[in-house]
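Please read the structure below before turning to the comments.
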Amino acid sequence: MDYHIRPGTPGDSDQMLETLADAFAYALSPDSPAAQRIREDVMQAPEAYRVMISNGRLISLLRIVATPIQVGRCVVLKADVGHVAVRPQLQGRGIGTTLMQETVRWLRGEGYHLSRLGGLTKFYSRFGYEPFVRRFVEFPVREKHGGARKIPPVEAYPAPTGFEGRLRPFDEARDYEARARLAHSFYMGRSGASPISLPDGPPVSPSPADPEALDFVYELGGDMKGFLLARHDPHESSEHEIAYSVSDFAYAPEYPQAAGLLFQQLFARVAPHAPARIISRLPYDEQLAAALQQWGIGFDRREMHQAVAANMIQVLNLPKILLDVAPELTGRMADSPLADWCGTLRFELPAQTAELALPGGDVAPGDDAEAEFVLNMSQSEFVKLLFGIISFEESICVREGHLDAGQRAVASTLFPRCATGSGPWG
């Protein structure tokens, strides 16, 4: 079959929507919120898609979103691949396979470090993807049991009172700069989180403050110490439970009351609609956890380890990752009792091998027989170590017992568990 693959254009929008509607008809009703989001996405950003054209007709497509993710003070670039679709009458002819193969090659050529997608592991593992953990924090809003008495949600979750400072609705025109500064401070250098840029100027069309919305600011002495933006989430709601999502949150850690009061206010607004749950991608941060518990906010940390259909990850360019995060790894060594250690580590992943020399951060192909030691691992485990989702001491490498105490100490210094952001990587 003759074909070519290129970015989508506004002129492709009708065929793109037709292909997506046909391919996902089993999962999307035309009037569903998910279908509406896809339509809006195609119309607003067709260039985010790569389309396969054969004989002048669009036959397949997928969407790519670039997501920068911090590794301490360094950044790697992840490609989120989604909406992989082939016209139903053409399925089974290898079109989707060809599109995915070409896409993985294209992503490497474009300088991406990683790629993530969600789907059937049997299909996507053929292109180098491995199942990868997903993580989020969930807040149940339900009646409570106090001994023999049941406490209704509106009583269990009253609005906060008697506190220093004030809670008020978020006002984008007024708060955009303070919000950005606070988020920048909260997420700066946090592995697993996206970098936050400070704005060049005010928003073009700011949304007005809405007292009925679920967007709040906590101020103390006239200064913003925290903010929380949330919304009703019809995609996650069911006939038995209404769902809400926290779309953005940050607070000044030296003011833990900011975190507690903001979530108390959100709980009070959601309680009349209980049973409900609030879904968020808060970082797994023990300081934040303590702040929430101190103010009576309970939560569940959730990790999803899927198998048949899963969140999946692929390391596209191991040498480039090591080169671009070498300053962070070198800094970790310099700040440790192992600051005088010099040597070379070889990383061996299923399809890629590379070496990292410390200090200095030199990266080379993985064929040096003089490397002090070898870290052999899956792509999934490497990425968990990269973002600090697990520490090296928790890794399979340690349990296999191939390293001596000194080598383990080096690897543990390079890869500690971090207060990791939980949204951008999964």
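Rule-based calculations on the coordinates, nothing more; no lab input. Small disclaimer: the values here were computed from a predicted structure and weren't measured. Note that we place each Cβ from the backbone using ideal geometry, even for glycine, and neighbour counts take in every protein chain shown.
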Out of these labelled values of Cα Rg over 2.2 N^0.38 Å, (i) 1.31; (ii) 1.09; (iii) 1.03, which was calculated from the coordinates shown here? (ii)
Starting from the Cα of Lys78, draw a straight line to each of the lysines and keep only those under 30 Å, dropping any in the same chain fewer than 8 residues away. Lys122, Lys320, Lys384
Diffing the stretch 201-217: the Karplus 3J(HN,Hα) column from phi (6.51, -1.76, 1.60, θ = phi - 60°), in whole Hz with x for Gly and Pro, holds x, x, x, 5, 10, x, 7, x, 4, 10, x, 8, 7, 9, 10, 10, 10
What does the charge dipole of the stretch 317-414 about its Cα centre add up to, to the nearest 20 debye, if the Cβ of each Lys and Arg holds +1 and the Cβ of each Asp and Glu holds -1? 280 debye
For the stretch 254-364, give the magnitude of the charge dipole about the Cα centre (Cβ charges: +1 Lys/Arg, -1 Asp/Glu; no others), in debye to the nearest 20. 640 debye
Whole-Hz Karplus ³J(HN,Hα) for the stretch 73-85, in order, using 6.51 cos²θ - 1.76 cosθ + 1.60 and θ = phi - 60°, x for Gly and Pro? 8, 10, 9, 10, 10, 10, 9, 8, 9, x, 6, 6, 9
Which ³J(HN,Hα) values in Hz, rounded to whole numbers, follow from the phi angles of the stretch 407-412 under the Karplus curve 6.51 cos²θ - 1.76 cosθ + 1.60, where θ = phi - 60° and Gly and Pro get x? 5, 4, 5, 4, 5, 5
With +1 on the Cβ of every Lys and Arg and -1 on the Cβ of every Asp and Glu, the dipole magnitude of the stretch 136-304 about its Cα centre, in debye rounded to the nearest 20, is 400 debye
Would you please put 280-286, 304-310 in order of how densely packed they are, using the mean number of other Cβ atoms within 10 angstrom per residue and starting with the highest? 280-286, 304-310
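Using only the Cα atoms of the stretch 317-414, build the gyration tensor, take square roots of its eigenvalues as a ≥ b ≥ c, and label the shape rounded, prolate or oblate: rounded if a/c is under 1.5, else prolate if a/b is larger than b/c, else oblate.
It is rounded, given that a/c, with a ≥ b ≥ c, falls under 1.5.
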From DSSP H assignment alone, runs of 4+ in the chain each adding -39500 (n - 2.57), the sum over residues rounded to the nearest 500 puts [θ] at 222 nm at -9000 deg cm²/dmol
Give me the percent relative contact order of the stretch 136-304, please, defined on Cα pairs under 8 angstrom at least 6 residues apart. 32 percent
Amide H of Asn376: which non-local residues (sequence gap of 5 or more, or other chain) have their own amide H closer than 5 Å, using H built in the peptide plane? Glu348
Mind listing the long-range amide H neighbours of Leu282? Cut-off is under 5 Å, sequence gap 5 or more, other chains count too, H placed in the peptide plane at 1.01 Å from N. Val137
Report the antiparallel proportion of the DSSP beta bridges in the stretch 136-304 as a percent, rounded to a multiple of 5. 90 percent
Global form of the stretch 283-328, assessed from the alpha-carbon gyration tensor, a/c cut-off 1.5: oblate
Sorted by chain and then number, the residues having a modelled amide H within less than 5 Å of the amide H of Ser194, at least 5 places away or on another chain, are Gln70
Suppose a student asked you for the relative contact order of the chain, using Cα pairs under 8 Å spaced at least 6 residues apart; what percent would you report? 18 percent
For the stretch 58-129: relative contact order, % (alpha-carbon pairs under 8 angstrom, 6 or more apart): 32 percent
Between the stretch 348-406 and the stretch 25-74, what is the separation of their alpha carbon centroids in Å? 35 Å
Counting only DSSP beta bridges with both residues in the stretch 48-161, tell me the antiparallel percent, nearest 5. 85 percent
